[in-house]
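Data block below; observations after.
The values are calculated or read from the model by the stated rules, or taken from the named source; none is laboratory data. Values in this document were obtained by computation on a predicted structure and should not be read as measured data. So basically every Cβ, Gly included, is an ideal-geometry build from the backbone, and we count neighbours across all protein chains shown.
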Amino acid sequence: MRPRYILLFGPPGAGKGTQGRRLAAKLGLAYVASGDLFRQQVEVGTELGKLAKQYMDQGLYVPDNITIRMVLERLGKPDAARGAILDGFPRTLAHAEALDRALAERNAAIDLVIYIKISEAEALRRTRGRWVCRNCQAVYNLETNPPRVPGICDVCGGELYQRSDETPETLRRRFEVFAEQTLPLLEYYRRRGLLVEVDGERPIDQVFQHLEAAVGRLVVG
């Protein structure tokens, strides 16, 4: 069976990381988040990471050519042979077209696009209490999904930290960039009959139930 690819869209704070990892585990697909890939480079201190950080700290997108190369290289890894849940990519029409071409070369295509909707006010509320694992990038929220031990990841025992690109000012700018550059992609996928919208302000388990329903028609072998 050919690989399956599902795109996960949503503004900052929508819970894409939490829901995407959970959905990928259920479907047996790789979870690929462009933001995680960049943050890993930042943590290591590579030249790519230093460049990416300059954009991320301003709430801006990393330039297309760097993002496209990095994500496509990630999709070539063995754990993505059956397909992937893509979180944070594509973000622009140029990304989408590059992804379509790359998948066509692998005799594959986008199977489904899910948009998790939340308001800017809800995003600000959520990110005030959000912590991320330095090792595995698992996401926690002190209000809705706290770790069992404060400051320690439930999954791998790694240290939890708050991201530098989630100050209120930067988050508002990220919301603006999302509206300007990414929202138009929703219409691109809507016209192709691939888009499903999910209310991301519901409780975590309810959101996941809606995601499961959305992918129920896909058979992942």
(request) Name every residue in the range 42-67 that is under 22 Å from residue 169 (Cα atoms) and in a loop (DSSP other than H, G, I, E, B), in order of residue number. (result) 57, 58, 59, 60, 61, 62, 63
(request) Please verify whether the range 88-97 includes one or more residues that are of a type in the set (A, V, I, L, M, F, W, C), modelled with pLDDT of 90 or more and surrounded by 15 or more Cβ atoms within 10 Å (Cβ to Cβ). (result) yes
(request) Restricting attention to the range 141-166, report how many residues are among the polar types (S, T, N, Q), surrounded by 15 or more Cβ atoms within 10 Å (Cβ to Cβ) and free of Cβ contacts under 8 Å to residues at least 40 places away in the same chain. (result) 1
(message) All but one of (1) surrounded by 14 or more Cβ atoms within 10 Å (Cβ to Cβ); (2) within 27 Å of residue 141 (Cα to Cα) hold for residue 45; state the number of the condition that does not hold.
(response) (1)
(request) Of the conditions (1) surrounded by 18 or more Cβ atoms within 10 Å (Cβ to Cβ); (2) part of a loop (DSSP other than H, G, I, E, B), residue 107 clears all except one; give me its number. (result) (1)
(message) So residue 137 passes all but one of these: (1) of a type in the set (S, T, N, Q); (2) free of Cβ contacts under 8 Å to residues at least 24 places away in the same chain; (3) part of a loop (DSSP other than H, G, I, E, B). Which condition number does it fail?
(response) (2)
(request) Please give the number of the condition residue 164 fails out of (1) at pLDDT 85 or above; (2) of a type in the set (Gly, Ala, Ser); (3) outside any helix (DSSP H, G or I). (result) (1)
(request) Run residue 55 past the list (1) aromatic (Phe, Trp, Tyr); (2) under 19 Å from residue 134 (Cα atoms); (3) free of Cβ contacts under 8 Å to residues at least 12 places away in the same chain and report the number of the one that doesn't hold. (result) (2)
(message) Here is a check on your reading of the model: is residue 181 under 22 Å from residue 85 (Cβ atoms) and either free of Cβ contacts under 8 Å to residues at least 24 places away in the same chain or in contact with an Asp or Glu (Cβ under 6 Å, 6 or more places away or on another chain) (or both)?
(response) no
(request) Say whether the condition of being among the hydroxyl-bearing types (Ser, Thr, Tyr) and either more than 19 Å from residue 203 (Cβ to Cβ) or modelled with pLDDT of 85 or more (or both) is met by at least one residue in the range 118-136. (result) yes
(request) Within the range 15-40, work out how many residues are closer than 28 Å to residue 120 by Cβ and in contact with a helix residue (DSSP H, G or I) (Cβ under 7 Å, 6 or more places away or on another chain). (result) 11
(request) Inspect the range 190-199 for any residue being outside any loop (DSSP other than H, G, I, E, B), out of contact with any strand residue (DSSP E or B) (no Cβ under 7 Å at 6 or more places or on another chain), exposed (fewer than 14 other Cβ atoms within 10 Å of the Cβ) and at pLDDT below 80 and give the result as yes or no. (result) no
